[in-house]
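Working notes for the structure below.
The values are calculated or read from the model by the stated rules, or taken from the named source; none is laboratory data. Values in this document were obtained by computation on a predicted structure and should not be read as measured data. When we count neighbours, we look across all protein chains shown, and the Cβ atoms used for this are built from the backbone with ideal geometry, even at glycine.
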Amino acid sequence: MIVRSVVSTFLVLTSAPALAHPGHGHGEGHSLLHYLSSPEHVWPLALLLVALVGLGGWLWRRSRRRNNARS
């Protein structure tokens with residue numbers, strides 16, 4: 001229960017500043033180029049990619065260990 005509260009609080013506090021960062025008024029603010037070239041968007045995408053690769057690797061190793069234990 002405490003972990004859920006901490007995660008919820010973290011998500012609420014970190015998402016609010018991201019909703020109104022400067023730069024959306026210059027050029028095409030909602031284009032793919034904006035999201036891939038703006039540091040405010042690139043680092044969260046990079047962190048998400050690292051987390052997904054880590055999770056995928058962990059799941060893959062876990063499934064291999066379970067399959068080896070059954071053999």
Next item on the list: Give the residue that is nearest to Leu45 (Cα to Cα), with candidates limited to residues of the stretch 7-30 that are modelled with pLDDT of 75 or more and surrounded by 10 or more Cβ atoms within 10 Å (Cβ to Cβ).
Entry: Leu11
Notebook entry, point to check: From the list Leu36, Leu45, which one is modelled with pLDDT under 85 and either of a type in the set (S, T, N, Q) or in contact with a helix residue (DSSP H, G or I) (Cβ under 8 Å, 6 or more places away or on another chain) (or both)?
Noted result: Leu36
Note to self: Of everything in the stretch 40-71, what is under 24 Å from Thr14 (Cβ atoms) and surrounded by fewer than 10 Cβ atoms within 10 Å (Cβ to Cβ)? Give them in sequence order.
What the structure shows: none
